[in-house]
Structure formats: C-alpha cells, structure tokens
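Engineer: First, the structure itself, so that you have it in front of you.
The values are calculated or read from the model by the stated rules, or taken from the named source; none is laboratory data. Predicted model only: the values in this text are computed from it and were never measured. Cβ placement follows ideal geometry from the backbone for every residue including glycine, while neighbour counts extend to all protein chains displayed.
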Amino acid sequence: MKKEPLEELEKIWNKIAKSDVSIPPDYNLEYIKRIVDIFSVGEYYYLIFNLATSTIEYVQDNVTNVLGCLPEEFTTEYVIANIHPEDITFFMNVENTAMKFFSQFAPEKLMKYKIRYDYRLKHTNGKYVRILQQIYTIQTSPKGGVMRVLDIHIDISHLKSLGRPILSFIGLDDEPSYIDVEIQSIFKPTKGILTKREKEILRNLIDGHNSKSLSEKLFLSIETINTHRRNILKKTKTKNTTEIITKAIREGWF
C-alpha cells in the first residue's frame, strides 16, 4: 500500500461521515448497553466509533476477555496495528466498499442497514482471534453522512478458523440484504507493488544476503542490485534494509 493504512482509512471514514469535524453525541449509551447485552451471545464486546475523528469514544470492558488488552489501550491505532497482516488489505477494501454503498442512500436510510464482516485481531497472548464485526449507524452528520456507529465484535474463532472473510450488508425494517458482497480491490498489499525481481532480491535480503553475494547469485552487477534495492525502499516508503526486512516479516509477505 502506498500510504499507511490508518491514513487511507481516515480519508474513507471522513467520506462516509461527509465531515472531518465531530458534533456532540445524541444517543443514549445506557440504552445501547442494555440492548446489546440482551441480544448479543457468546464472547463479545462493543464500542462507539466516531468516523469524523477516527476515534473510539467508548469500548466495553469485556474487550479484555476477548483480546487481553485494557479498554484504555484499545484505540483506533491499536486495532489497525493488530489486524492480521493477511486481513489488513481486506479490511481497507471493505471500508471503501461500505463508503460507496452508503453514498447512494438518503440520510433516513443510513440507520436501516448494518454491515457485517469478519477478520482476525491479535490477542495479547500472540494468537489471533477471528472477530465477526457488526456495525450499526447510531448518529448521522449534518450533511447526511454517518457520524457515529455502534460496533459489536463477537469472537467466532470456534466457528470459523479458516476460509476467506465475507462482507454483507443486512437490511433492517424490510430493506433488502446483500450477502457476500463483491469487494472492490482498490488497495493492494505492499508486496504487490514490487516487481518479480524486486521480490526475489528482498527475499534474499531477508535470508541474509548482501549486494555482493546477490550479484554473484543472480548474475547481476552490484550497481543493478543496488538500483533494485533503492527502488524497493522507495516503493515501500522505508528508509533502510532493516526497516523493509522488518516490515516484510511483520506483514507476512513471504
């Protein structure tokens, strides 16, 4: 991805909200708590997310039981940093697809749909938990966008350990539902922007090779190897070999 995930996501969320400026909340949190506790099952937690400011304004204490972290640690930055490397691009494309889906509706219809999709979040013990995320609009913005949403995160690891994530828009109040929606892939994994040769060189750098040994192994001049290395750093927006190797390992490119 050409830019950091959070930077791209903030742009998408602002478009969904049709604003980058927040307004005071007009929902009853205690009422929401009672309703969620009545209708949700299994291990779950819920949160209130402000799309205009890209901030989690409230998260239920049960996040500790599901993910191991404390509520005060569970920020937007924390969530993005702990999404499984194989799911982050999916997550971004889902949010972009949701933006396009909601852009077709008048404000009064925004609360008649919930978004449902699943992805993996890292527990503090290092293992990944598959989360089914259900999103409900609870407040619209003055310009007719989605200002705040209720997110319910349910641990479905015992139900789904493998398989691709699925996105659905569920209609409420007799609105039609759209199940297993095709997701527009406008975001690509960073490794997808590298050429075949650049991937080969990066893989060998991870294995401990330097420019001289790569030159001998691949039958290329050291100057050519160094040009490829500079291009890799430029495309991935990393500063040095250590940073790109760390990024590739952390995000599971190979």
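Engineer: Tally the residues that are within 21 Å of VAL66 (Cβ to Cβ), in contact with an Asp or Glu (Cβ under 8 Å, 6 or more places away or on another chain) and aromatic (Phe, Trp, Tyr), restricting the search to region 82-134.
Structural biologist: 1
Engineer: Which number in (1) in contact (Cβ under 8 Å) with a residue 60 or more places away in the chain; (2) of a type in the set (Val, Ile, Thr); (3) within 24 Å of LEU9 (Cα to Cα) marks the one condition that THR236 misses?
Structural biologist: Here THR236 meets the rest and fails (1).
Engineer: Being farther than 13 Å from PHE91 by Cβ and among the aliphatic types (A, V, I, L, M) is true for just one of ILE131, ILE135, ILE154. Which residue is that?
Structural biologist: It is ILE154.
Engineer: Among the residues of region 136-145, is there at least one that is farther than 30 Å from ARG34 by Cβ, among the aromatic types (Phe, Trp, Tyr) and under 18 Å from the mean Cα position of the chain (by Cα)?
Structural biologist: No, the conditions are met nowhere in region 136-145.
Engineer: Quick check on region 55-66. Is at least one of its residues surrounded by fewer than 16 Cβ atoms within 10 Å (Cβ to Cβ), in contact (Cβ under 8 Å) with a residue 60 or more places away in the chain and more than 17 Å from the chain's Cα centre (by Cα)?
Structural biologist: Within region 55-66, one or more residues are surrounded by fewer than 16 Cβ atoms within 10 Å (Cβ to Cβ), in contact (Cβ under 8 Å) with a residue 60 or more places away in the chain and more than 17 Å from the chain's Cα centre (by Cα).
Yes or no, residue by residue, for (1) within 22 Å of ILE179 (Cα to Cα); (2) free of Cβ contacts under 8 Å to residues at least 24 places away in the same chain; (3) crowded, with 19+ Cβ neighbours inside 10 Å:
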| position | (1), (2), (3) |
| --- | --- |
| GLU8 | no, no, no |
| ILE23 | no, no, no |
| TYR31 | no, yes, no |
| GLU43 | no, no, no |
| LEU70 | no, yes, no |
| ILE83 | no, no, yes |
| THR89 | yes, no, yes |
| PHE105 | yes, yes, no |
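Engineer: Within region 174-195, does at least one residue satisfy the condition of being of a type in the set (S, T, N, Q) and touching a strand residue (DSSP E or B) at 6+ places or on another chain (Cβ under 9 Å)?
Structural biologist: Checked region 174-195: at least one residue is of a type in the set (S, T, N, Q) and touching a strand residue (DSSP E or B) at 6+ places or on another chain (Cβ under 9 Å).
Engineer: Where residues in region 68-77 are in contact with a strand residue (DSSP E or B) (Cβ under 9 Å, 6 or more places away or on another chain) and part of a helix (DSSP H, G or I), which of them is farthest from ASP118 (Cα to Cα)?
Structural biologist: Among them, the one singled out is GLU72.
Engineer: So if I check each of LYS33, LYS11, LYS2, which one is charged (D, E, K, R), at pLDDT below 95 and outside any helix (DSSP H, G or I)?
Structural biologist: LYS2
Engineer: Give the residue that is modelled with the highest pLDDT, with candidates limited to residues of region 103-123 that are outside any strand (DSSP E or B) and either in contact with a strand residue (DSSP E or B) (Cβ under 6 Å, 6 or more places away or on another chain) or of a type in the set (Val, Ile, Thr) (or both).
Structural biologist: Applying the filter and picking the extreme gives HIS123.
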